[in-house]
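Have a look at the structure below before the remarks.
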Amino acid sequence: MVDFLDLRRQHALLRDRLASACERVMARGSFILGEEVVLFEEEFASFLGGGHAVGVASGTDAITLSLMALGIGPGDEVVVPAFTAPPTVVAVCRSGARPVLADIEEGTLNLDPAEAEKVSGPRTRALLPVHLYGNPAPLPDLIQLCEERRLFLLEDACQAHGASLEGRPLGTWGACGSFSFYPTKNLGALGDGGMVVTGDAGLAARVRSLRDYGRSGQHLLDEVGLNSRMDELQAAFLREKLPSLERWNRRRGELASRYLRGIEGLPLQVPRLPTASRPSYHLFPVFTPRRDELAAYLRDRGIGTAVHYPLPIHLQPAFSFLGHRAGDFPRAERAASRALSLPLYPELRDEEAEEVVSALRDFFS
Ligand SMILES: Cc1ncc(COP(=O)(O)O)c(C=O)c1O
């Protein structure tokens, strides 16, 4: 048996540290926006090389709050890729802005700058590329488009903790970056959590207020915000895990190289990386028109897989109000019909990865 993901392995190794973090928070008796959140924000900002970090309740809220803090809302449009995790688009809708979909690049499977340009219009205020699977989106071209059209760049870095492009951490390229600490992420909490990162102190202050009802003083509200605070327990757990993130990402990279070597010559595609990319290896998807057949074969051999993501955004019922039809974003549709993620997490053993490779080779033999 090779599980797609087994979070118990990581937590068994960290059990004592996590238990003492929990004790520490209980002993202090402060559970919301206390010392742990402040310290985790500082530590995460310094992990990304500086700037400001604001802890929030989830990655989805991190995106919504970033848009709200930039004054983007009803009447505005935000360009998003037609192939992403649905919460990227949910977050835009929650801000009141309208998501405008653009197709992905054939090779990287991330937002295509040429398509983003085509759908940008007078109401467009921002581009929201997603570093899908932890692979960098084509940021230099997207930034150029933002400069030409005077748009904000916001990064959905929810799958990209510790990844970089041209030596610069993902999440720090635009006006702000959003991270998720959903338990399955490269840096996962024992519950929900998220972070907004920005180099702009004023923007960070606005997110701090908006995550806390819109408060500017104990009993003073400047505007209507959300209740989206990171809680002390999650911050304490994440502080225990952050020092291991680099090592975990390296191990993910080793396993990804093992898979790449193992599947050489097989009719499986993998996403192309922009030059000078350092991915986070959040997921390891392969692409084949025989996806469902392959998934069933691997399941019969005791190997877990997952599909990220089976429906492109325009074919999700929730987004039917955007008025799209099948055929509108052919590259997104093709990716959604072919993607299959293989098991990839730091505690996966070499023998298990080899078992996956053997099964793949047998399937295509
Ligand atoms: C690309 C992407 N964006 C946004 C999110 C939303 O994050 P969360 O689940 O923490 O709200 C996720 C994770 O679920 C994600 O993978």
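The values are calculated or read from the model by the stated rules, or taken from the named source; none is laboratory data. In this text, all values refer to a predicted model and were calculated from it rather than measured experimentally. All Cβ positions, glycine included, derive from the backbone under ideal geometry; neighbour counts span all protein chains shown.
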So is Gly171 in the same structural domain as Thr60 (by TED's automatic domain parsing), outside any helix (DSSP H, G or I), within 13 Å of the ligand (Cβ to nearest atom) and more than 30 Å from Thr275 (Cβ to Cβ) or not?
no
Within segment 148-155, can one find any residue that is among the aromatic types (Phe, Trp, Tyr) and away from the ligand (no atom under 11 Å from the Cβ)?
yes
Six or more apart or on different chains, Cβ atoms under 6 Å: show the pairs whose first residue is in segment 243-263 and more than 10 Å from Phe284 (Cα to Cα) and whose second is of a type in the set (Gly, Ala, Ser).
Leu245/Gly162; Asn249/Gly162; Asn249/Ser280; Arg258/Ala353
Between a first residue in segment 318-339 that is of a type in the set (Gly, Ala, Ser) and a second residue that is surrounded by fewer than 17 Cβ atoms within 10 Å (Cβ to Cβ) and outside any helix (DSSP H, G or I), which pairs have beta carbons less than 7 Å apart while being 6 or more apart in sequence or on different chains?
Ala336/Pro310; Ala336/Leu311; Ala339/Val307
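Name the single residue, out of those in segment 111-135 being assigned to a loop (DSSP other than H, G, I, E, B) and within 16 Å of the ligand (Cβ to nearest atom), that is farthest from Arg98 (Cα to Cα).
So, considering only residues that are assigned to a loop (DSSP other than H, G, I, E, B) and within 16 Å of the ligand (Cβ to nearest atom), the one farthest from Arg98 (Cα to Cα) is Asn135.
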Counting only residues that are within 9 Å of the ligand (Cβ to nearest atom) and charged (D, E, K, R), segment 190-200 contains a total of 1
Please find, within segment 136-147, the residue that is nearest to the ligand (Cβ to nearest atom) out of those that are over 16 Å from the mean Cα position of the chain (by Cα) and within 30 Å of Asn249 (Cα to Cα).
Leu142
Every residue from segment 38-66 that is more than 16 Å from the ligand (Cβ to nearest atom) and either surrounded by 20 or more Cβ atoms within 10 Å (Cβ to Cβ) or not assigned by TED's automatic domain parsing to the domain that holds Glu155 (or both)
Glu41, Ala45, Leu48, His52
Which one of Leu203, Leu187 is surrounded by 15 or more Cβ atoms within 10 Å (Cβ to Cβ), part of a loop (DSSP other than H, G, I, E, B) and either within 15 Å of the ligand (Cβ to nearest atom) or not polar (S, T, N, Q) (or both)?
Leu187
Just the residues that are closer than 20 Å to Arg150 by Cβ, assigned to a strand (DSSP E or B) and either touching a Phe, Trp or Tyr at 6+ places or on another chain (Cβ under 7 Å) or of a type in the set (Val, Ile, Thr) (or both), please, taken from segment 91-110.
Val100
Could you tell me which of the residues Ala335, Ala353 is touching a Phe, Trp or Tyr at 6+ places or on another chain (Cβ under 8 Å), under 19 Å from Ala82 (Cβ atoms) and not in a loop (DSSP other than H, G, I, E, B)?
Ala335
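Residues checked against (1) within 30 Å of Arg94 (Cα to Cα); (2) not in a loop (DSSP other than H, G, I, E, B):
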| position | (1), (2) |
| --- | --- |
| Leu255 | no, yes |
| Arg258 | no, yes |
| Leu266 | no, no |
| Leu298 | no, yes |
| Ala318 | yes, yes |
| Leu348 | no, no |
| Ser358 | no, yes |
| Asp362 | no, yes |
Counting only residues in segment 78-97 that are near the ligand (Cβ under 10 Å from one of its atoms) and under 17 Å from Ser58 (Cβ atoms), the one surrounded by the most Cβ atoms within 10 Å (Cβ to Cβ) is identified as Ala91
Gly107 fails exactly one of (1) closer than 26 Å to Asp328 by Cα; (2) buried (at least 24 other Cβ atoms within 10 Å of the Cβ), namely (2)
Would you mind telling me which numbered condition in (1) surrounded by 24 or more Cβ atoms within 10 Å (Cβ to Cβ); (2) part of a strand (DSSP E or B) Leu153 fails?
(1)
Does Gly225 satisfy the condition of being away from the ligand (no atom under 11 Å from the Cβ), in a loop (DSSP other than H, G, I, E, B) and either at pLDDT below 95 or touching a Lys or Arg at 6+ places or on another chain (Cβ under 7 Å) (or both)?
yes
